[in-house]
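Novice: Starting off with a structure, shown below.
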Amino acid sequence: MRGVAGGARKPKSRFGATLERLSYIRIWFFERETRELVRISQCEMIESFLDAFSDYPSSVALALFSEITETVLPDREPSDANFRLLLLAAQAVKRTGKPDLPLAYFALWTVKLGGWLPSLTRCAQCGAALDADAAAYFVPSVSAAVCGKCRKPGMRMLSPAAQGAARKVLEERLDRLTEKSDAPSPRAARELADLMLDIIERQIDRKLKARELLESHA
Ligand SMILES: [Zn+2]
């Protein structure tokens, strides 16, 4: 939903920091049938993510969460699973200060909730089981994974470590995963996130703006 909040930019606004990016808030608003924008009358902070934005790598991940959520979800429709995913991922970035795994988790689950995740256990070409110890090859354009034998030029490789990261992300909730000693490495998480962001960009048919910041930093 989009709305206007009267006087929100004034220094002593009653809205305070509640309308900052990604703030988790309770909100009261009026809707008029003829207007697209709702009128925000009151906001109450539940959880702020403003501090996390002061760390550069964290702020890039949070900006990506925000941009992806806004782009992928339909307007004016409750999307409970995506909401819980966003909150879980933003809280993990804020709590750990390490955005690689939360970003991989967020991107993979966004792809899965969108129905775009290919099978990670069977080759889309020959149907053979994908070996956990061998690389798999991806065709982001059709969102499919194939085995080494069915590999064709131009396909993206996904290393065994990144495939392992994908399995862990699908099996374990992010807040528990970040506490584990065998959690995916930042490198495997980055490789996985990179492929998932490619799939998302393919689905939305454009480049993600915040992703450029990610790449210039890496
Ligand atoms: Zn195959």
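Novice: Give region 106-150 a look and list any residue that's surrounded by 16 or more Cβ atoms within 10 Å (Cβ to Cβ), near the ligand (Cβ under 9 Å from one of its atoms) and in a loop (DSSP other than H, G, I, E, B), or say none.
Specialist: Of everything in region 106-150, those that are surrounded by 16 or more Cβ atoms within 10 Å (Cβ to Cβ), near the ligand (Cβ under 9 Å from one of its atoms) and in a loop (DSSP other than H, G, I, E, B) turn out to be 123, 124, 125, 130, 147.
Novice: What residue, of 166, 193, 210, 188, is under 18 Å from the mean Cα position of the chain (by Cα), crowded, with 19+ Cβ neighbours inside 10 Å and farther than 21 Å from residue 115 by Cβ?
Specialist: Criteria check complete, one pass: 188.
Novice: Now for a different question. Can you tell me which of 165, 135, 124 is modelled with pLDDT of 90 or more, closer than 24 Å to residue 95 by Cβ and of a type in the set (A, V, I, L, M, F, W, C)?
Specialist: Step by step, each of 165, 135, 124 is checked, and only 165 is modelled with pLDDT of 90 or more, closer than 24 Å to residue 95 by Cβ and of a type in the set (A, V, I, L, M, F, W, C).
Novice: Go through (1) touching a helix residue (DSSP H, G or I) at 6+ places or on another chain (Cβ under 8 Å); (2) in contact (Cβ under 8 Å) with a residue 60 or more places away in the chain for residue 161 and report which single condition fails.
Specialist: Unmet for residue 161, out of (1) touching a helix residue (DSSP H, G or I) at 6+ places or on another chain (Cβ under 8 Å); (2) in contact (Cβ under 8 Å) with a residue 60 or more places away in the chain: (2).
Novice: Report the residue count in region 9-21 for those that are touching a residue at least 12 places away in the same chain (Cβ under 8 Å) and open to solvent by less than 100 Å² (accessible area, probe 1.4 Å).
Specialist: 6
Novice: Here is a further query. Please verify whether residue 75 is in contact (Cβ under 8 Å) with a residue 12 or more places away in the chain and surrounded by fewer than 13 Cβ atoms within 10 Å (Cβ to Cβ), treating the condition exactly as stated.
Specialist: Yes.
Novice: Kindly list the number of the only condition in (1) among the basic types (Lys, Arg); (2) more than 19 Å from the chain's Cα centre (by Cα); (3) not in a strand (DSSP E or B) that fails for residue 94.
Specialist: All conditions pass for residue 94, except number (2).
Novice: Residue 153 is checked against (1) surrounded by fewer than 16 Cβ atoms within 10 Å (Cβ to Cβ); (2) assigned to a loop (DSSP other than H, G, I, E, B); (3) within 11 Å of the ligand (Cβ to nearest atom); (4) modelled with pLDDT of 90 or more and fails just one. What number does that condition carry?
Specialist: (3)
The values are calculated or read from the model by the stated rules, or taken from the named source; none is laboratory data. If you're wondering where the values come from, they're calculated on a predicted model, not measured in any experiment. Note that we place each Cβ from the backbone using ideal geometry, even for glycine, and neighbour counts take in every protein chain shown. Quick note on the areas: whole protein, heavy atoms, side chains included, nothing else; ligands and nucleic acids left out. Shrake-Rupley method; radii C 1.70, N 1.55, O 1.52, S 1.80 Å.
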